[in-house]
Structures are given as C-alpha cells and as structure tokens.
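Single-structure report; data block below.
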Amino acid sequence: MTSLNSMLEPGMLVRHPDQPDWGLGQVQSNINGRITVNFQEQGKVVIDGSKVALTPVFTS
C-alpha cells in the first residue's frame, strides 16, 4: 500500500479514498510515510501512508 504513497511529492493533488467529502487535497509534505495533506473541506491532515493509500489526481 505504501508504494504509490512513496511517490507523492509536495504540490501533488490527491483524494482520500475513505473520505470523499474532504474534497481535493494538496500534498504539503511526505516524510517517512507520514503525508501531510491540505484538503479543501477538511483542512490540514497528517495521514499514515502505511494505513491509507491516497489516490493521486492528475489534471490536464
């Protein structure tokens, strides 16, 4: 589960698979599997990357 999370870098957009109401989130940092994300509707959240696989969002 951590393989995709390990590729997340600051500035990337993601969604939380279990919290769709949080909206789009922007990665702030990714340090040792602890990913800080600023979500539109939830604010700043620190996520344990070993427990949650964030979904990257790619815009064109």
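If you stretched the chain out fully between E41 and D18, how much longer would it get, using 0.36 nm times the residue separation minus the C-alpha to C-alpha distance?
Contour length minus the Cα-Cα distance gives 6.9 nm.
Let me have the 222 nm mean residue ellipticity of the chain computed from DSSP H runs of 4+ only, each contributing -39500 (n - 2.57), with the sum over all residues rounded to the nearest 500.
The helix contribution divided over the chain gives -1000 deg cm²/dmol.
F58 to M7: extension gain in nm, 0.36 nm per residue of separation minus the Cα-Cα distance?
Net length gain for the segment: 17.0 nm.
Take the Cα atoms of region 2-57, find their three principal axes, and give me the spread along each one in whole Å, biggest first.
25, 19, 18
Once fully extended, how much extra length lies between N32 and D48, figured as 0.36 nm per residue of separation less the alpha-carbon to alpha-carbon distance?
Difference between extended and current length: 4.8 nm.
Just flag the chymotrypsin sites (Phe, Trp or Tyr not before Pro) in the chain sitting in loop per DSSP whose Cβ has no more than 11 other Cβ atoms within 10 Å.
F58
Per-residue HN-Hα couplings for region 52-60, Karplus 6.51 cos²θ - 1.76 cosθ + 1.60 at θ = phi - 60°, whole Hz, x for Gly and Pro?
So the Karplus estimates, Gly and Pro as x, are 10, 9, 5, 9, x, 10, 10, 10, 9 Hz.
Per residue of region 14-21, in order, report the coupling 6.51 cos²θ - 1.76 cosθ + 1.60 (Karplus, θ = phi - 60°) as ³J(HN,Hα) in whole Hz, putting x for Gly and Pro.
9, 10, 8, x, 9, 9, x, 6
Readers should treat all values here as calculations from the given coordinates under stated rules, not as data from a laboratory. The shown structure was predicted, so the numbers you read here are calculated from the model rather than taken from an experiment. When we count neighbours, we look across all protein chains shown, and the Cβ atoms used for this are built from the backbone with ideal geometry, even at glycine.
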